[in-house]
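Just below is one structure, and these are the notes that go with it.
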């Protein structure tokens, strides 16, 4: 999947993946990340997610990475947050209000740029990537994070032939294949999305689950 795909989605405002409310999984399981006020949480492929504001309201600093400058600027504008913009290698860096967002390619991010991060919140990164990139994502994320880092991961699972992603379907087995060698994996919950969001049933999808995991880097 080429970067231009995502740039075009943001230009056309085709951002159905963006939530207008804080994700309930984050509210329920933020305590499991064991973060304290002043700690940093990394949000990959963050878009303009208001989940980042929820994290900040709970006292943590937020480090994000996002390909689309439109998304990054919208995040700061919609939150009425003043940002200073600087250049750091291949990234434009927007910083202000306890947020620091790298605008550019996730795969160009280096461990030193998120040094000291305490936890990760991945609601929309892994599921946004087709299978070949998911493996690369997991490998790169493993290299970025120090041992002991906890990740709250949210995935979707549905019959792959019934809908063309993104979001892409990811099974328990794939999560284990991607992360099992370097992370302890603790399944947290599974939610039947069709019960609460009939729009997917209307698209002909017969099964759609949202899964949440806690990953602990070994």
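The values are calculated or read from the model by the stated rules, or taken from the named source; none is laboratory data. The shown structure was predicted, so the numbers you read here are calculated from the model rather than taken from an experiment. Neighbour counts run over all protein chains shown; Cβ positions are idealised from the backbone, glycine included.
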Quick check on residue 98: is it within 25 Å of residue 37 (Cα to Cα), modelled with pLDDT of 95 or more and not assigned by TED's automatic domain parsing to the domain that holds residue 143?
yes
Within the stretch 185-198, is even one residue within 29 Å of residue 105 (Cβ to Cβ), in contact with a strand residue (DSSP E or B) (Cβ under 7 Å, 6 or more places away or on another chain) and outside the structural domain of residue 40 (by TED's automatic domain parsing)?
yes
Give the stretch 171-196 a look and list any residue that's part of a loop (DSSP other than H, G, I, E, B) and closer than 15 Å to residue 127 by Cβ, or say none.
171
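I'd like to verify a number: residues in the stretch 141-151 that are on the phi < 0 side of the Ramachandran plot and assigned to a loop (DSSP other than H, G, I, E, B), how many? Spell out the reasoning first.
Here is the first cut: in the stretch 141-151, the ones on the phi < 0 side of the Ramachandran plot are 141-147, 149-151.
Keeping just the survivors that are assigned to a loop (DSSP other than H, G, I, E, B) gives 145-147, 149.
Residues in the stretch 141-151 being on the phi < 0 side of the Ramachandran plot and assigned to a loop (DSSP other than H, G, I, E, B): 4 in total.
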Out of all the residues in the stretch 82-102, is one or more within 18 Å of the chain's Cα centre (by Cα) and exposed (fewer than 12 other Cβ atoms within 10 Å of the Cβ)?
no
Among the numbered conditions (1) farther than 26 Å from residue 38 by Cα; (2) surrounded by 21 or more Cβ atoms within 10 Å (Cβ to Cβ), tell me where residue 139 comes up short.
(2)
Write out, first by first residue and then by second, each pair whose Cβ atoms fall under 7 Å of each other, whose residues are 6+ apart or on separate chains, and whose first residue, in the stretch 124-147, is closer than 14 Å to residue 181 by Cβ while the second is assigned to a helix (DSSP H, G or I).
135/178; 138/178; 138/179; 143/111
Could you please let me know if residue 126 is in contact with a strand residue (DSSP E or B) (Cβ under 6 Å, 6 or more places away or on another chain), crowded, with 17+ Cβ neighbours inside 10 Å, closer than 20 Å to residue 109 by Cα and at pLDDT 95 or above?
no
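Going through the stretch 33-47 one residue at a time, which ones are in a loop (DSSP other than H, G, I, E, B) and surrounded by 24 or more Cβ atoms within 10 Å (Cβ to Cβ)?
Within the stretch 33-47, the first condition is being in a loop (DSSP other than H, G, I, E, B), and the residues that meet it are 34-39, 45-47.
Answer for the stretch 33-47, where residues must be in a loop (DSSP other than H, G, I, E, B) and surrounded by 24 or more Cβ atoms within 10 Å (Cβ to Cβ): 46, 47.
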Considering the stretch 191-204 alone, what residues qualify as being at pLDDT 90 or above and surrounded by 13 or more Cβ atoms within 10 Å (Cβ to Cβ)?
191
Given (1) at pLDDT below 95; (2) in a helix (DSSP H, G or I); (3) within 16 Å of the chain's Cα centre (by Cα), index of the condition residue 20 fails
(2)
Quickly run through the stretch 52-107 and pick out the residues that are in a strand (DSSP E or B) and touching a helix residue (DSSP H, G or I) at 6+ places or on another chain (Cβ under 6 Å).
62, 63, 65, 66, 94, 101, 103
Name the residue, out of 154, 127, that is under 16 Å from residue 216 (Cα atoms) and not in a loop (DSSP other than H, G, I, E, B).
154
